[in-house]
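Enquirer: This structure is in structure tokens; I'll ask about it shortly.
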Amino acid sequence: MIGVSTTTAQLRGAIPWESPRPLGLARVPVGIDVHTGSAFCFDPFQAYQRGIVTDPVMLVLGSKGSGKSTLVKSLAVRMAAHGYLIRHIDPKGEGHPLASYFGVDPVRPGRVIINPFDGLSPNDRGRMGIALVGAALNRALTPVEAAAVTAAAAHSEHLNLELLAERLAAPGDLHSPLVITERDVRDLIAGLHTLGSSVAGRMMFGDSTVTVDAATPYLGVDLSGHDDDTLRVLMVAVTGWITGLWGTDRLRPKVVILDEFWRLFTDRATAEWAKHAFKMSREHGASYIAVLQHLGDLRSVDEDTRAIAYGLLADSETRIVYRQPPDQAAALGELIGLTTEEISIVQRLVPGQALWRVGGRSTVVEHIVTDIERPLIDTNAAMGGIDAR
């Protein structure tokens, strides 16, 4: 507007995309606002405390090589510097440099047993049992079956999968408002026996054989080397185990990185667990950073499971969208409410740039990686150090 005097507030009203209202957050630097050249910082807890968002869940989407893994690992280092406890569920085994940096060894199920019920509340134990049995049966449980698992899981403070099977084998002893018969629990017991004989089951049946300092700044769980079905069940078990480590601690912020997040949406039982975990994030004082490539990751799931997944994506108030292929950008934009211009922009982003959509405010951010961080987060070391982000 040549020759016209105006304020930045008026300019934002006239051209909101070109001059977005800043978040005003000063904790955890991310990079540079591409449009203004100013520093961009983001902290999910600070954003929640200031009312910018109503939950601390972060969703990161992007094509391979776009920069999402680099961002997430960089955030892990920077958030840990602010005293946050970082918990990294790592299906690809790429977190070893981070573990070395923090002076810890990754936990590797198979070498150790993790009991997914350790430290969980009775309500969370029931939901964990329903998720694991449902995953083993590859179907949703009936209301009576879910009630049976819930009652068996709440029977006493100590629980593992072996004890769960034993309690289900005596349905007459279960305290439930529903009448539960031996016929009602038959499939549940069979599913647990099937799970116990599987690769995943052998890593989680019985009591935990690993002791972890609940106050350690970084905890990585390496789930690499397993097939899809094993990974799906292990990721559910590990999220429960990590939650149990927190105990009653509600004061120190915790960040859970869920790489390959789409694996939790390959069946309804595990999708329901993910939905519950996100819902309880505020109560647990935790922020989940869920990482997936694009909506195409969910194309093979059934309609009910897809509805749960899409509901979680749509409800997330912090969406970090890296480059999207044209056939995915429009569908994603419709799901999370991107404007026509934003849909166009996410198709043109270069590696390292992302559209940050936080509480309805949009900013294109160039992620800045420091020289100290680069050896810890470079996922292309095997390609001669090429940084494709």
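Enquirer: Mind checking the dipole of segment 230-376: about its Cα centre, +1 per Lys or Arg Cβ, -1 per Asp or Glu Cβ, Debye to the nearest 20?
Expert: 340 debye
Enquirer: Looking only at segment 254-357, where both bridge partners belong to it, what percent of the DSSP beta bridges are antiparallel (to the nearest 5)?
Expert: If I count the DSSP bridges inside segment 254-357, around 40 percent turn out antiparallel.
Enquirer: Where in segment 120-168 are there trypsin sites (Lys or Arg not before Pro) that are in a DSSP coil and have at most 16 other Cβ atoms within 10 angstrom of their Cβ?
Expert: Here the sparse-neighbourhood loop sites are R139.
Enquirer: Past 21 Å, Cα to Cα, is the threshold; run K68/K279; K92/K275; K64/K92; K64/K279; K73/K275 against it and keep the listed order.
Expert: Beyond 21 Å between Cα atoms: K68/K279; K92/K275; K64/K279; K73/K275.
Enquirer: If you take the square roots of the eigenvalues of the alpha-carbon gyration tensor of segment 124-179 and sort them as a ≥ b ≥ c, do you get rounded (a/c under 1.5), prolate (a/b over b/c) or oblate?
Expert: On the way: a/c = 1.63, a/b = 1.17, b/c = 1.39.
The shape class here is oblate.
Enquirer: Relative to the first principal axis of the alpha-carbon coordinates of the chain, what is the inclination of helix 143-153, with its axis defined by its Cα atoms, in degrees from 0 to 90 and to the nearest 10?
Expert: 80 degrees
Enquirer: List the GluC sites (Glu not before Pro) within segment 154-222 that DSSP assigns to loop and that have no more than 16 neighbouring Cβ atoms inside 10 Å.
Expert: Hits after loop and neighbour filter: E157.
Enquirer: Count the net charge of all other residues whose Cβ sits under 11 Å from the Cβ of I320, scoring Lys and Arg as +1 and Asp and Glu as -1.
Expert: Value of the local net charge: +3.
Enquirer: Report the local net charge at L159: Lys and Arg +1, Asp and Glu -1, summed over other residues whose C-beta lies under 15 Å from its C-beta.
Expert: It works out to a net charge of -4.
Enquirer: Another question, if that's okay. Assuming 0.36 nm per residue, please report the length gained on full extension of the stretch D315 to T142 beyond their Cα-Cα distance. Provide the component values of the computation, followed by the final result.
Expert: On the way: separation 173, 0.36 × 173 = 62.28 nm, distance 2.69 nm.
Result: 59.6 nm gained on full extension.
Enquirer: What does the charge count near D55 come to, summing +1 for each Lys or Arg and -1 for each Asp or Glu among other residues with Cβ under 15 Å from its Cβ?
Expert: Neighbour charge sum, excluding D55 itself: +3.
Enquirer: Once you place label points 7 Å from the Cα toward the Cβ at V112 and R282, how far apart are they in nm?
Expert: Inter-label distance under the simple model: 3.3 nm.
Enquirer: Which residue, I189, C41, G93, has the largest displacement toward the positive end of the dipole of the chain when charges sit on each Cβ (Lys, Arg +1; Asp, Glu -1)?
Expert: C41
Enquirer: In nm, give the distance between the simple-model label positions of E162 and R50, each being 7 Å from the Cα along the Cα-to-Cβ direction.
Expert: Placing both labels 7 Å along Cα→Cβ, they lie 5.2 nm apart.
Enquirer: Okay, moving on. Pick from P116, P326, P177 the residue whose mean-square fluctuation is largest in a GNM of the chain, springs joining Cα atoms under 10 Å.
Expert: Among P116, P326, P177, the largest GNM mean-square fluctuation belongs to P177.
Enquirer: Roughly how big is the chain's charge dipole about its Cα centre, with Cβ charges of +1 (Lys, Arg) and -1 (Asp, Glu), in debye to the nearest 20?
Expert: 820 debye
Enquirer: Any chance you could give the angle, 0 to 90 degrees and rounded to 10, that helix 326-336 forms with the longest Cα principal axis of the chain?
Expert: In the chain, helix 326-336 runs at an angle near 80 degrees to the longest axis.
Enquirer: Rank by packing, highest mean first: peptides 305-313, 103-111, with packing defined as the count of other Cβ atoms within 10 Å averaged across residues.
Expert: Details: 305-313: 18.0, 103-111: 15.7.
Most protected by this proxy first, the peptides run 305-313, 103-111.
Enquirer: Next question. Just from its helices, what would the mean residue ellipticity at 222 nm be for the chain, if runs of 4 or more DSSP H residues each count -39500 (n - 2.57) and the sum is divided by every residue, rounded to the nearest 500 deg cm²/dmol?
Expert: Counting only the DSSP helices, I get -12000 deg cm²/dmol.
Enquirer: Can you tell me the FRET efficiency between L335 and H82 if r is taken as the Cβ-Cβ distance and R0 is 30 Å, rounded to the nearest 0.05?
Expert: Calculated value: 0.45.
Enquirer: In addition: On a 0 to 90° scale, report how tilted helix 303-315 is relative to the longest principal axis of the chain, with both axes built from alpha carbons and the result rounded to the nearest 10.
Expert: The angle comes out near 40 degrees.
Enquirer: Here is a further query. For a quick protection proxy, order the peptides 33-41, 229-237 by their average other-Cβ count within 10 Å, most packed first.
Expert: Final packing ranking: 229-237, 33-41.
Enquirer: Going toward the positive end of the dipole of segment 132-197, with +1 on Lys and Arg Cβ and -1 on Asp and Glu Cβ, which of A154, G172, L132 do you reach last?
Expert: L132
Enquirer: Here's something else I'd like to know. Would segment 167-271 count as rounded, prolate or oblate if I go by the C-alpha gyration tensor, calling it rounded below 1.5 in a/c and otherwise prolate when a/b exceeds b/c, oblate otherwise?
Expert: Taking the square roots of the gyration eigenvalues as a ≥ b ≥ c, segment 167-271 is prolate.
Enquirer: Take the alpha carbon gyration tensor of the chain, find the square roots of its eigenvalues, order them as a ≥ b ≥ c, and report rounded if a/c is under 1.5; if not, report prolate when a/b exceeds b/c, else oblate.
Expert: prolate
Enquirer: Taking every eigenvalue of the Cα gyration tensor of segment 68-185, multiplying by 5 and rooting it, what semi-axes result, largest first, whole Å?
Expert: Computed over segment 68-185, the values are 38, 14, 13 Å.
Quick note: the coordinates plus some simple rules give every number you see, no bench work behind them. What you are looking at is a predicted structure, and each value in this text was computed from that prediction instead of being measured. Virtual Cβ from ideal backbone geometry, glycine too; neighbours counted across all protein chains shown.
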